[in-house]
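Take a look at the structure set out below.
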Amino acid sequence: QTPGICEAAVKKCGISLKYVRDPVPWIQRLAVEENGDSLQYVDPVDQTSELCMIACKNWGSALKHVKEQISEICGIAVSTDPRAIKYLRDQNQTIELCEMAVKKDGLVLKYVLSQTPRICLLAVQNCPMALKYAKIQTPEIAMEAVKRNGLALKYLMTQSSEICLMAVRENGLA
């Protein structure tokens, strides 16, 4: 394997890093720039913060391959792809990152370990069907969900006549 062949391969398909014997840092960088998921083929001792940031900026779910999840890398990953929240280690799942994630994709509420009323509300505002994953269902959260999509009624733990009426008004099939 020559550096030129390796360079051409990872520029075309970053995942081809898998087949490069003893890749040098600049080849690893080219690979994660082309495809963030190729970070999985970078030896953990070679993972620099910069390389991990490039990978997560390119493909948020590359976070699952990051050895040291520093807050800046976690923020970039979740900002790029809210579903990356499921790869955050427990101590890295901050309120701020969880709020950022559910604002972009309410259904990622499923992966939020410490739900708050605000996080649940933000999730159903983005996607009313996220109510399915809400461990906290205040009347305000419930009303917000069914007001936006009456079919979310089926995910309510406790139904009131007022909430049922709102759901049916929004969608007669509720």
In whole Å, largest first, the alpha carbons of the stretch 63-135 cover along the principal axes 34, 20, 16
If you wrap a convex hull around the C-alpha atoms of the chain and split its volume per residue, what is the figure in Å³?
-> 104 Å³
Cα-based Kirkwood hydrodynamic radius, the stretch 1-61, one decimal, Å | 11.0 Å
Karplus-derived 3J(HN,Hα), 6.51/-1.76/1.60, for each residue of the stretch 38-43, Hz, glycine and proline x = 5, 4, 4, 9, 8, 4
So if R0 is 35 Å, what FRET efficiency would I70 and M143 give, r being the distance between their Cβ atoms, rounded to the nearest 0.05?
-> 0.35
Extreme residue, positive dipole direction of the stretch 1-145, given options G75, Q125, M100 (C-beta unit charges) | Q125
If you add up the charges near C6, with Lys and Arg at +1 and Asp and Glu at -1, over every other residue whose beta carbon is less than 13 angstrom from its beta carbon, what do you get?
-> +2
Determine the sum of side-chain charges near D43: Lys and Arg each +1, Asp and Glu each -1, restricted to other residues whose C-beta is under 10 angstrom from that of D43.
-> -1
Calculate the dipole size of the chain relative to its Cα centre from +1 charges on Lys and Arg beta carbons and -1 charges on Asp and Glu beta carbons; express the result in debye to the nearest 20.
-> 560 debye
What residues have an amide H closer than 5 Å to that of C127, excluding those fewer than 5 places away on the same chain, when H is modeled at 1.01 Å from N in the peptide plane?
-> G106
State the Cα centre-to-centre distance between the stretch 13-48 and the stretch 112-138 in whole Å.
-> 37 Å
Using 0.36 nm per residue of separation minus the Cα-Cα distance, give me the extension gain between N171 and I136 in nm, one decimal.
-> 10.3 nm
Given only helices, namely DSSP H runs of n ≥ 4 each adding -39500 (n - 2.57), what is the per-residue ellipticity at 222 nm of the chain, to the nearest 500 deg cm²/dmol?
-> -13500 deg cm²/dmol
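Values quoted throughout were computed directly from the atomic coordinates according to the rules given, and no laboratory measurement underlies them. Bear in mind the structure is a predicted one, so any value in this text is a computation, not a measurement. Every residue, glycine as well, gets a Cβ built from its backbone with ideal geometry; the counts of neighbours run over all protein chains shown.
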